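To keep things clear, I will list the structure first and then write my remarks on it.
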Amino acid sequence: MTDNPFVFDAALASFEQDVILKSKEVPILVDFWAAWCEPCKALGPILEKLATEFNGGFLLAKVDVDKEQQLAGYFQVKSIPTVMLLKNGQIVDGFPGALPEGQLREFLKHHEVLAKETTEQAVEIAPEVIAPEEEVAKLRAAIEAEPEKPELKLDLMLALLKIGGFTEAEKILDGLPANLATDDRAIKAKARLVFAAVLKDAPPSSVLEQAIASNPDDNRARHYLGVRHVLEDNAQAGLEQFLEMLKRDKSFEEGLPRKALIDAFRIIEDEDLVGQYRRKMASLLF
C-alpha cells in the first residue's frame, strides 16, 4: 500500500504478532477504514503524515474492514473511520470519526507518543496568559496593521467566543476564505457556535437540573445543561452530562451524545481532561 516504513497493512492472521506484541515495543495506532469511506480518505493521509513526521515514535496499522471483517468484528468496530491506540499490548484509547490534525496531535501528546527526533528537546516555555478582553483588543490592532493576513481573523474569532461575541464571530467565520475554513481554529469555533445556538432555546440551569432530578432519562435537559456548563467554563460538569447521555441512550437524536462529546473535545483546552473523557467515551462505544 505504501513505502512508508512506519505504516503497514494489518491482517487477522498476523495481528497478534504485528500489532499486539509489537505495541509492547512501540505505540501503534490502528486505523479501521474502507476504500468507499469519504471521512477515511480525509483521515488516512493525515495519520500517514504524522507517522512519517514522528519518525517511528508510533506505527500506523491500517485495517481495511472490507477485507478484514472478522478483525473489525473482534474489535466491535461500529463505524469508520475508527482509530485505536495500543501500548504495551493493550488498547489504551480510541475515537470514532475523522479528527482534524490539531486534535490528533493533542491525542498523541496526551498519551506521551513523541517523535523520536524531539524527545531530547528542551521543554517549551509556556506562553504568556492574557485576559480575553485584552486578547481581543490586541488582535483587532494586529488585523488593522496587517489586513492582508486573514489567519489573524481566526484568532480574533476564538477570542470573541471567549467573551460571548457570538454574532461577530459567526460573521468572521462565514467570511473566511475556503483554505482557512478547515483550519483547527475554525473547526473549534464552529463547535462553540453550535453550542451557542443550542442555548438560544434552553431553559435556565435551575430548571434543567430540576427536570433531570425528576427524570434522569431526560437527555434533552442533560444536553442543554451540558452545553451550558461547557460554555461557562465548567468543562468537566458538561462532559459528565454528555457521558451520562451516552450511557442512557447512545442513539438519542441520531447519536447526539457522541456528537456533543466530540464537539466539546474540540472546544475544551484542558488536554488531560479531554483525554480522560475520550477514554470513557471509547469504553462505552467499543
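Points to keep in mind about this one:
- With respect to the chain, whose longest principal axis is taken over its alpha-carbon atoms, helix 184-198 is tilted by about 60°.
- Exceedance of the 18 Å cut-off in Cα-Cα distance is limited, within the set Lys78/Lys109; Lys67/Lys87; Lys62/Lys250; Lys78/Lys259, to Lys78/Lys109; Lys67/Lys87; Lys62/Lys250.
- Counting neighbouring Cβ atoms within 10 Å and putting the fewest first, the residues Thr82, Thr182, Thr52 line up as Thr182, Thr52, Thr82.
- Full extension of the chain segment joining Ala181 with Ala115 gains 21.0 nm, where the gain is 0.36 nm per residue of separation less the Cα-Cα distance.
- Debye-sum result for region 193-233 in log10 I(q)/I(0), which assumes one identical scatterer on each alpha carbon, at q = 0.23, 0.24, 0.33 Å⁻¹: -0.68, -0.73, -1.16
- Listing Phe107, Phe242, Phe265 from fewest to most neighbouring C-beta atoms within 10 Å gives Phe107, Phe265, Phe242.
- Selected from Ile268, Ile46, Ile130 as most flexible by GNM, with the chain as the system and alpha-carbon contacts under 10 Å: Ile130
- Ratio of Rg to Rh for region 202-285: 0.95 [Cα atoms; Kirkwood radius as inverse mean 1/r over pairs].
- Taking θ as phi - 60° and the Karplus parameters 6.51, -1.76 and 1.60, the scalar couplings of region 54-64 work out to 6, 6, x, x, 8, 10, 10, 9, 9, 10, 6 Hz in sequence order, x denoting glycine and proline.
- Percentage of interatomic Cα-Cα distances in region 7-118 larger than 20 Å: 33
- Lys, Arg +1 and Asp, Glu -1 on Cβ, resulting dipole of the chain about Cα centre, debye, nearest 20: 760
- Column: log10 I(q)/I(0), Debye, Cα scatterers of region 132-184, q = 0.21 Å⁻¹: -0.72
- Partner lysines for Lys171 [C-alpha distance under 22 Å; skip if fewer than 8 residues away on the same chain]: Lys138, Lys149, Lys153, Lys162, Lys188, Lys190, Lys200
- Candidates Glu48, Glu101, Glu25, ranked by Gaussian network fluctuation over the chain, Cα under 10 Å, top entry: Glu25
- Reciprocal of mean inverse Cα separation for the chain (Kirkwood radius, Å): 20.7
Every number here is computed from the coordinates shown, using simple stated rules; none is lab data. All figures in this text were calculated on a predicted structure; none of them were measured in a lab. Note that we place each Cβ from the backbone using ideal geometry, even for glycine, and neighbour counts take in every protein chain shown.
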